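The values are calculated or read from the model by the stated rules, or taken from the named source; none is laboratory data. Since we're looking at a predicted model, the values are computed, not measured. Cβ coordinates were reconstructed from backbone atoms using ideal geometry, including for glycine residues, and neighbour counts include every protein chain displayed. Heavy atoms of the whole protein, side chains included, go into the accessibility calculation; ligands, DNA and RNA do not. Shrake-Rupley method; radii C 1.70, N 1.55, O 1.52, S 1.80 Å.
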Amino acid sequence: MVGTGAVPFADILGQEAAVTTLTRALAAGRVHHAYRFEGPPGVGKELTAFALAQSLVCEQGGPEACGRCGACRRAVTLNSDDPRVPLHPDVVLLGRGLYRGLLGGSSTEATGISVEQVRRIVLSRVGFPPHEGRALVFIVREADEITVQAANALLKTLEEPHERTHFVLLTSRPSRLLDTIRSRSLPVRFGPLPERVVREILQRRELDPDVALLAQGSVSLALELADPEARAERDAFVTTALAALGAPDLAPSLKLAEGQKGDRDGLRAALAFFAQAIAGEARTLVTTSPDDALKRALQHRTVLEAMRDVERNVQPALALEAMFVRLRNA
Ligand SMILES: [Zn+2]
């Protein structure tokens, strides 16, 4: 999550293994030409990609970014108008819909990273040296959304990269990445963040650190959970879901499932609260009714699984339907 300001590697919390891999490669002058950052949403993949890009374009020429020079600042500062891309001309961002204004609202631009985007934004640049001298870095958001046609257009470049040209492909759904892209990139894995790290990030932003408990190691989920405006909506979801669970038949559950519009972060946050409500019931039942407490514990696990399904791109309505069927059979 860049915007303004410095993002040296030292600011990236909880991803020591990934950061060490990259800082060692920088120090040795052996930065791979195509990395693939894999890991759940909201754990720092994009931030780390920008720290790497910054280090590659920094005017100081050291192995790691100084974080203060003009190149470092522009590498991580996004244009305030569309397209919302870095001000530095050698740090190039790709992503679904990012260049809609420039490329027109073609249907492939809306559903994936289109071949037009690859041609206009990547292929038009790769044959030329970096504008400002040091390196040319392409950062691809949700690289699993590259269309087959776009991937084919990119393959030769990924295979025989030009000097000082680097790609960083980000994905939270590595299993959906095209094999042709996977085989031409080097994986760097990002895990869920430790709870204390999520807590610290929330505190720095003056947000409620206690939602870290529910955030499954994801800062994007934590920020959604800490959003007071979304709170009322989530509370309503939990009330409806608990009522559906106790209803004599599946109808209210299906109604709730079908009403999901497809806002994944919002649904994950709502499910996190639902899971917490069920865990709370399990704790109160543990002395009075151990059997019911066990049932609640199993249900809690089912809700966490549904959260992961939503994260993995299972259609929200389907994920919820499956969850309610399992919950009612628990
Ligand atoms: Zn610098």
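Can you work out the PRE-style zone for HIS162? Point 7 Å along Cα to Cβ, and I want the residues of the range 126-143 with backbone N under 17 Å. Answer for this model: 126-139. Applying a DSSP loop filter and a limit of 11 other Cβ atoms within 10 Å to the GluC sites (Glu not before Pro) in the range 206-297 leaves GLU206. Legend: residues ASP265, ASP179, sorted from most to least accessible area (1.4 Å probe; ligands, DNA and RNA excluded), read ASP179, ASP265. Counting only DSSP beta bridges whose two residues both lie in the chain, roughly 5 percent are antiparallel. Surface composition of the chain: carbon and sulfur make up 51 percent of the accessible area, probe 1.4 Å. List the longest stretch of the chain that has no exposed loop site; here a site is one of the trypsin sites (Lys or Arg not before Pro) assigned by DSSP to anything other than H, G, I, E or B, with at most 10 other Cβ within 10 Å. So the longest stretch without any such site is 31-260. When the surface is traced with a 1.4 Å probe over the full set of protein chains, THR284 keeps roughly 100 Å² accessible. Taking the Cα centre of the range 118-261 as reference, the dipole from Cβ charges on Lys and Arg (+1) and Asp and Glu (-1) amounts to some 680 debye.
In units of the compact-protein estimate 2.2 N^0.38 Å, the chain shows a Cα radius of gyration of 1.11. The label-point distance for ALA251 and HIS131, in a model that sets each label 7 Å from Cα toward Cβ, rounds to 6.2 nm. For the range 38-65, the residues whose amide N sits under 11 Å from a probe point set 7 Å from the Cα of ARG189 along the beta carbon direction are 38-39.
Compute the distance from the alpha-carbon center of the range 296-330 to that of the range 177-227, in whole Å. If we compute the Cα centre of each part, the gap is 21 Å.
Rounded to the nearest 10 degrees, what's the angle between the helix 45-57 long axis and the longest principal axis of the chain, both from Cα atoms, 0 to 90? On a 0 to 90 degree scale, this one is about 10. Working from label points 7 Å from Cα in the Cα-to-Cβ sense, the ALA27 to GLN60 distance is 1.6 nm. Here the range 68-160 is treated with +1 on each Lys and Arg Cβ and -1 on each Asp and Glu Cβ, and its dipole about the Cα centre works out to around 320 debye.
When nucleic acids and ligands are ignored and a 1.4 Å probe is applied, PHE274 ends up with an accessible area of around 0 Å².
Rounded to the nearest 10 degrees, what's the angle between the helix 316-329 long axis and the longest principal axis of the chain, both from Cα atoms, 0 to 90? Approximately 30 degrees, to the nearest ten.
Relative to the longest principal axis of the Cα atoms of the chain, the long axis of helix 228-246 lies at roughly 40 degrees.
Look at where the Cα atoms of the range 236-267 and of the range 29-106 average out, and the two centres are 39 Å apart. Rounded to the nearest 0.05, the FRET efficiency derived from the C-beta distance between SER80 and LEU294 at R0 = 51 Å is 0.40. The sum of -39500 (n - 2.57) across all DSSP H runs of n ≥ 4, divided by the residue count of the chain, sets its helix-only mean residue ellipticity at 222 nm to -15000 deg cm²/dmol. Overall, the chain carries a charge dipole of about 660 debye about its Cα centre when +1 sits on the Cβ of Lys and Arg and -1 on the Cβ of Asp and Glu, all other atoms neutral.
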